[in-house]
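The values are calculated or read from the model by the stated rules, or taken from the named source; none is laboratory data. These numbers were taken from a predicted model, which means no experiment stands behind them. FYI the Cβ positions are ideal-geometry reconstructions off the backbone, even for glycines, and counts take in every protein chain you see.
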Amino acid sequence: MTSLTQWRRTVATSAVLSATLVVGGIAGVASPAAAADNPYQRGPDPTRSSIQAARGTFAVAQTSVSRYGVSGFGGGTVYYPTDQSQGTFGAVVVVPGYTARQSSMAWLGPRIASQGFVVFTIDTNSVYDQPSSRGDQLLAAADYLTQRSAVASRIDATRVAVVGHSMGGGGTLEAAKDRPSLKAAIPLTPWNVDKTWPEVSTPTLVIGAQNDSVASVASHAKPFYQTLPASTPRTYLELRGASHFAPNTSNTTIAENSIAWLKRFVDDDTRFTQFLCPTPSGTALSAAASSCPF
């Protein structure tokens, strides 16, 4: 565990790197030639307003998946872009926290899907399942979504990400440890008895909450971030004044950072790199640290 002084030094370093990127005019926006070379790029050039919007440019439909028609997880809801003219999309599987159901994360489904992803918000086999089980269920749901679901043909099965809240956030780290081919992991106010994650090579965005009394950042989110390997693209964000349950309602800070992270690492879309090095000063964040630049 790093000391408080070291933690503050990390935050300060992140701020300097971010400022350097912006002032130097090299915020990571792809050149037209580079963008044209990316077969996974979807949607128009992004702006801060576009990733903060309640809906992106893609129209979205949804379909329910019964728990009785699947195995390994508890069913869920798939949100997907109706446009098939741009090819396949990356997939994102979202799992709720302890005692919660998919409805607690439903707001993220259409919001992320409308930016150009197929999103699967799932229920777990039991609302009491622990993080390791939730990690297994994320992977089972990803396999169903990409191989057997009604929208499998719309998905690039090689580009899958996982998102989870609380014990589901701990589950995203479990899933990333077990399946390194995942393109991104986003633990939201995560909880896990395992505090160290040196096995994770998946690009990971950890979002904690300053006033979390269930999974305090000092015991969960911060050590999760700090023990990720130096070689793993990683960012820690701390929501100012927020509680453990911040991810359960529409939250622009969570949405914009998650969308940018998914675009950059699932779609390999460097147009979104400019949004990946936030600083805590004057924002909705009480702390931030990162392995920027990406």
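Taking segment 154-182, which residues are in contact with a Gly (Cβ under 6 Å, 6 or more places away or on another chain), touching a residue at least 60 places away in the same chain (Cβ under 8 Å) and not charged (D, E, K, R)?
Matches in segment 154-182: GLY164, HIS165, SER166, MET167, GLY168, GLY171, THR172.
For segment 224-270, what are the residues that are in contact with a Gly (Cβ under 7 Å, 6 or more places away or on another chain) and in a loop (DSSP other than H, G, I, E, B)?
Those that are in contact with a Gly (Cβ under 7 Å, 6 or more places away or on another chain) and in a loop (DSSP other than H, G, I, E, B): VAL266, ASP267.
Among the residues of segment 227-250, which ones are within 25 Å of SER281 (Cβ to Cβ), among the polar types (S, T, N, Q) and either buried (at least 20 other Cβ atoms within 10 Å of the Cβ) or at pLDDT below 95 (or both)?
Of everything in segment 227-250, just one residue is within 25 Å of SER281 (Cβ to Cβ), among the polar types (S, T, N, Q) and either buried (at least 20 other Cβ atoms within 10 Å of the Cβ) or at pLDDT below 95 (or both), namely THR235.
Going by the structure shown, is ALA140 of a type in the set (A, V, I, L, M, F, W, C), under 17 Å from THR88 (Cα atoms), touching a residue at least 12 places away in the same chain (Cβ under 8 Å) and not in a loop (DSSP other than H, G, I, E, B)? Lay out the reasoning, then the answer.
Numbers: of a type in the set (A, V, I, L, M, F, W, C): yes; under 17 Å from THR88 (Cα atoms): no; touching a residue at least 12 places away in the same chain (Cβ under 8 Å): yes; not in a loop (DSSP other than H, G, I, E, B): yes.
Taking the combined requirement at face value, the residue does not satisfy it.
Take segment 151-166 and flag every residue that is polar (S, T, N, Q) and surrounded by fewer than 23 Cβ atoms within 10 Å (Cβ to Cβ). Can you show your working first?
Our first condition is that a residue be polar (S, T, N, Q); within segment 151-166, this holds for 153, 158, 166.
SER153, THR158, listed by residue number.
Which of the residues spanning segment 204-226 are surrounded by 24 or more Cβ atoms within 10 Å (Cβ to Cβ), more than 17 Å from GLY171 (Cα to Cα) and over 16 Å from the mean Cα position of the chain (by Cα)?
Within segment 204-226, ASP212 is the sole residue that qualifies.
Output yes when any residue across segment 116-128 is without any contact (Cβ under 8 Å) to a residue 40 or more places away in the chain and touching an Asp or Glu at 6+ places or on another chain (Cβ under 9 Å), and no when none is.
no
For GLN130, all conditions in the list (1) under 17 Å from the mean Cα position of the chain (by Cα); (2) surrounded by fewer than 23 Cβ atoms within 10 Å (Cβ to Cβ) hold save one; what is the number of the exception?
The failed condition is (1).
State whether the residues of segment 145-153 include one that is without any contact (Cβ under 8 Å) to a residue 40 or more places away in the chain, in a helix (DSSP H, G or I) and in contact with a Gly (Cβ under 8 Å, 6 or more places away or on another chain).
Scanning segment 145-153, I find no residue that is without any contact (Cβ under 8 Å) to a residue 40 or more places away in the chain, in a helix (DSSP H, G or I) and in contact with a Gly (Cβ under 8 Å, 6 or more places away or on another chain), so the answer is no.
Within segment 274-289, is there a residue that is buried (at least 21 other Cβ atoms within 10 Å of the Cβ), under 14 Å from the mean Cα position of the chain (by Cα) and either without any contact (Cβ under 8 Å) to a residue 12 or more places away in the chain or within 23 Å of THR158 (Cβ to Cβ) (or both)?
yes
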